[in-house]
Amino acid sequence: MDVPIEVYSLDFDRQYSDEEQILHRMDNFQPEGANEPIFLPLRKPGGEFWTSIRQQDEKKQAIDGVRSLIKNCEETLDKLNQDEEAIAEYERKIKEKEEEVPAEPSAETVKEEEGEAEPLVEPEKKQEQIDEERKDSQEVME
């Protein structure tokens, strides 16, 4: 009885490795997946991988890529919001100092003169840098 077979080595067969990864990414084979059997026609030795499964995997990877991009943009925008808050706080403190005209030296003024007061630290980024990064993030999202 002559029946064609296919022999391959798991260590050296790139195609087998790629197809196995696709199957592992399928929802049916994930712990939280459907756990439903998949009925597909048998493949002949050397035959092409199931087109429908490959297309499903490509769509899933594209969706995962977009989700990752969205997550990165959200993290960038959160960081930019924190930077803007730091700039606003810095500017508020400077304005308070400028408006402050003490009639007699307060404890705070004495501390500043003696060098004990908490120094004002300028934010790492300028508003223009933040605006540019925000614009870049929004362009990526579009």
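The values are calculated or read from the model by the stated rules, or taken from the named source; none is laboratory data. Quick caveat: nothing in here was measured; it's all calculated off a predicted structure. Glycine gets a Cβ as well: all are built from the backbone with ideal geometry, and neighbour counts include every protein chain shown.
For D57, are the conditions met, namely being surrounded by 10 or more Cβ atoms within 10 Å (Cβ to Cβ), under 22 Å from E132 (Cα atoms), of a type in the set (D, E) and touching a helix residue (DSSP H, G or I) at 6+ places or on another chain (Cβ under 6 Å)? Answer is no for this residue. If you go through segment 20-54 and keep only what is more than 22 Å from V7 (Cβ to Cβ) and among the polar types (S, T, N, Q), you end up with N28, Q30, N35, T51, S52.
Screening D83, D64, D18 for residues that are within 30 Å of L120 (Cα to Cα), assigned to a helix (DSSP H, G or I) and of a type outside the set (V, I, T) leaves exactly one candidate, D83. Is it fair to say Y90 is of a type in the set (F, W, Y) and within 30 Å of P119 (Cβ to Cβ)? It is true that Y90 is of a type in the set (F, W, Y) and within 30 Å of P119 (Cβ to Cβ). Taken together, R67, R54 contain a single residue that is closer than 30 Å to Q138 by Cβ and modelled with pLDDT of 90 or more, which is R67.
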